[in-house]
Each structure stands twice: as structure tokens, then as C-alpha cells.
Amino acid sequence: MIGFKMRAVLIFGILLSASLSLAAGYPACKDKKRTLEFNQDMLLNYRDQMEPKFKTRGFIKGTLIKVIEDRQRHVHFEVDLDGDAETSDDRIEVIYNTSFGSLPDYGPGAEIIACGDFIVDPYSPLKAVLHWLHHSPKQKAHDDGYLVINGQVLGLRQ
Ligand SMILES: [Ca+2]
């Protein structure tokens, strides 16, 4: 009986979290079959501790500070990850390819949610990059990613 109850609670929890993220307006962020929770704290640890080119799936929620670069359809954002724009040691570079959907109007302070590939990159001004924020042309070869800016979801299949 306890096993059944545990399972019921687990299933309820899964349904609840699925419906919550649907209610939030964006899909689950996947790493293979695993559904990610926001993992920015872990990503910042990786930035500081792992070797260059270390790669993992990243799912972040943060605040847009500024555009670092915007060229050849790639917009590079500086995103603060702890909700405090006064502290700058918790920022990464988030790159979105506008071929997968135009950006809405936005400015500093915009809320950013991003699902994609994280990589430790010594050439980045922020030493770490989150990119691949769009659907995978071949779904089996790579997990889908996306960008949410001020509640507008970009990068998904049209
Ligand atoms: Ca900060």
C-alpha cells in the first residue's frame, strides 16, 4: 500500500510539475529523457571549476543586463543569474540565433529563461556560454532548446 501511495504521490508530482511548466507557457527542458530543473547555480560552479570546453545541458532563469554583440543572426546577451543586478560574478553569455524566430521588443531588465547547451568558454567575456536555444532539426540527434524573453517563447517548431 505504501508503495502504491508513494507512486501516486510521485505521479501526481510529475503531473503537477508538467502542468505548472505548461501554465508557465514554455515546455520542459530535457537532457535526454531527464527533465531539468533550473540549474544555474551548478552551471556557475562548472564555469569556475571545469576545464575549457566542458559541456552540459543548461536551464536558466535570469535577468538581461545588456547585449554584448549582435551580428550574423546571433544575438549575444549578458544574463545575470541571481536576481541581483548589483553583483556581476554570476553572469553568463546567452546566445540566440534569430533564424529560429525574431526577438520581441526587449531591454535591460527583461526576464530571460533559456534551455540549451552550456559550455565553459575562456574566449567568452563571461567565461561561459549557453547556446543552441532552438528546436533540433533532427530530434534524435540533439535535445530541443528554446529562449523565453519577457514571457515570449522563441526557438520552438512553428
Ligand atoms: Ca547578479
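Checking the condition surrounded by fewer than 17 Cβ atoms within 10 Å (Cβ to Cβ) and under 16 Å from residue 128 (Cβ atoms), which residue from 98, 56 passes?
The match here is 56.
Restricting to the range 118-135, name every residue that is more than 10 Å from the chain's Cα centre (by Cα) and either at pLDDT below 95 or surrounded by 15 or more Cβ atoms within 10 Å (Cβ to Cβ) (or both).
The answer is 119, 120, 121, 124, 126, 127, 128, 129, 134, 135.
Output the residues belonging to the range 135-149 that are in contact (Cβ under 8 Å) with a residue 24 or more places away in the chain and more than 14 Å from residue 94 (Cβ to Cβ). Steps first, please.
Step one: list which residues in the range 135-149 are in contact (Cβ under 8 Å) with a residue 24 or more places away in the chain, which gives 135, 143-149.
Listed by number, the residues that qualify are 135, 143, 144.
Pairs, please: C-beta under 6 Å, at least 6 apart or cross-chain, first residue within 17 Å of residue 69 (Cβ to Cβ) and in the range 88-103, second away from the ligand (no atom under 14 Å from the Cβ) and polar (S, T, N, Q)?
Taking only residues 6 or more apart or on different chains, the pairs are 93/124.
Against the definition (over 12 Å from residue 148 (Cα atoms) and either part of a strand (DSSP E or B) or more than 16 Å from the ligand (Cβ to nearest atom) (or both)), how does residue 113 come out, yes or no? Walk me through it before giving the result.
Values: over 12 Å from residue 148 (Cα atoms): no; either part of a strand (DSSP E or B) or more than 16 Å from the ligand (Cβ to nearest atom) (or both): yes.
In short, no.
List pairs: first in the range 58-70 and farther than 18 Å from residue 117 by Cα, second assigned to a strand (DSSP E or B) and of a type in the set (Phe, Trp, Tyr), Cβ under 7 Å, 6+ apart or cross-chain?
Close Cβ pairs satisfying both conditions: 64/77; 67/77; 68/77.
Give 31, 89 a once-over and let me know the one that is farther than 21 Å from residue 151 by Cβ, at pLDDT 95 or above, within 16 Å of the ligand (Cβ to nearest atom) and out of contact with any Asp or Glu (no Cβ under 6 Å at 6 or more places or on another chain).
Values: 31 fails: within 16 Å of the ligand (Cβ to nearest atom).
Unique residue meeting the criteria: 89.
For residue 73, which of the numbered conditions (1) among the basic types (Lys, Arg); (2) within 14 Å of the ligand (Cβ to nearest atom); (3) touching a Ser or Thr at 6+ places or on another chain (Cβ under 7 Å) fails to hold?
Among (1) among the basic types (Lys, Arg); (2) within 14 Å of the ligand (Cβ to nearest atom); (3) touching a Ser or Thr at 6+ places or on another chain (Cβ under 7 Å), the lone unmet condition for residue 73 is (2).
Taking the options 83, 62, 107, name whichever one is within 13 Å of the ligand (Cβ to nearest atom) and assigned to a loop (DSSP other than H, G, I, E, B).
Unique residue meeting the criteria: 83.
The values are calculated or read from the model by the stated rules, or taken from the named source; none is laboratory data. Quick caveat: nothing in here was measured; it's all calculated off a predicted structure. Note that we place each Cβ from the backbone using ideal geometry, even for glycine, and neighbour counts take in every protein chain shown.
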